Amino acid sequence: MAVRQIPSVMRKIVATKFSPKFREATEIIETPVPSPGPSEILIKNRYVGINASDINYTAGRYDQKLKPPFDCGFEGIGEVVAAGDQSSVNVGQSVLYMNMGAFSEYKLLKSAMAIPVPNTNPELLPLMLSGLTASISLDKYGEIKAGETVLITAAAGGAGQLAVQWAKNAGCHVIGTCSSEEKVQFLKSIGCDRAINYKTEVFKEVLKSEYPKGIDVVFESVGGEMFDTCINSLAVKGRLIIIGYISGYESEKGFKPSRLSTLPQKLLPKSASVRGFFVTNFVVDFKEYMTKLVQLLMEGKIKSFVDVGETSKFGQFKKLEGVSNAVDYLYSGQSKGKVIVEIDDSFNSRL
């Protein structure tokens, strides 16, 4: 087994109880550093990604079989520091991965689940969970076509920014919602044809007046009133993709089922549809779409923006202590791009 010098003990974040408040549900604990099996690798995390659904797991909403204590975090980028004899990835290789338990200083993983990348550049991290969610859902469920009108809610966020650019590269007219004038300018800079600041404009009135024929495809992650407006604004044969409902995540009950009661009468006359999308059900498509995303990034056809919290009240998010701050920041609505935390800054001295 190939290995670099590593400590015997590491730290990680575990959920010790169920709560939609991440800070209250989790603790940082010490645990022995695991050793890789024959086909496994040990990754030293450099950056980890923050996702709205981090709260859904600590609230016990996604996996009814999952009981505390359990490891938190979905995605990371780092360097392989130990590898089993049958591993497909070598020590020293930089890798991206998506797997539960990413909020940790070291991550044990089956080598087949790691995606080799040129380096640990943080701009690569959004391509994983956010990029795959945006690209696969818009293609497989949205079936977007050139000339169609595509609406992205929370368009300045981690998945939203990449959904905007993916749809634009497909030749679509792209609308994005956001909550500030700064984000309006950001969305315009990445190709958004119409950025709607719902704090200063009436969202449903803008859609009614400017898009009277309706919206062909909606990439929806907000829920609540935003979801209702998007449903009412669908075009004939329109498709709405639910990738989340962040407006309800911090509440005890989450999504309100009563909102679904009028769907049949709204969808049927338009031959419209609503489909839920959960990226882990599309593992078979990961390699194809990650290759496309990396190629677009390298060609300059998409840009990947990260937010490390430098302008937040917490300052830059660093180490495991920064994860709860980063989650709070994401829910404050102030973030722009993918919110990430630098777990280990010792990489800087080797770049």
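The values are calculated or read from the model by the stated rules, or taken from the named source; none is laboratory data. Quick caveat, the model's predicted, so the values are computed rather than measured. Counting neighbours? That spans all protein chains shown, and the Cβs are built from the backbone with ideal geometry, glycine included. The protein model used for the area step is the full one, side chains on, heavy atoms only, and it has no ligands, DNA or RNA in it. Shrake-Rupley method; radii C 1.70, N 1.55, O 1.52, S 1.80 Å.
For segment 145-218, what is one quarter of the convex hull surface built on the Cα atoms, given in nm²? In nm², the orientation-averaged hull projection of segment 145-218 is 4.3. Reported value for the chain: 134 Å³ per residue, from the convex hull of its C-alpha atoms.
With all protein chains in place and a 1.4 Å probe, the accessible surface of the chain carries 51 percent carbon and sulfur. Annotation: for a label point projected 7 angstrom from Cα along Cα→Cβ of Ser332, residues of segment 38-66 with backbone N closer than 17 Å are 50-52.
For the chain, the longest principal axis of the Cα atoms and the long axis of helix 158-169 meet at an angle of about 60 degrees.
What's the angle, to the nearest 10 degrees (0 to 90), between helix 286-298's Cα axis and the longest principal axis of the chain? Value to nearest ten degrees: 80.
Solvent-accessible surface of segment 164-246, averaged per residue with a 1.4 angstrom probe and all protein chains in place: 42 square angstrom.
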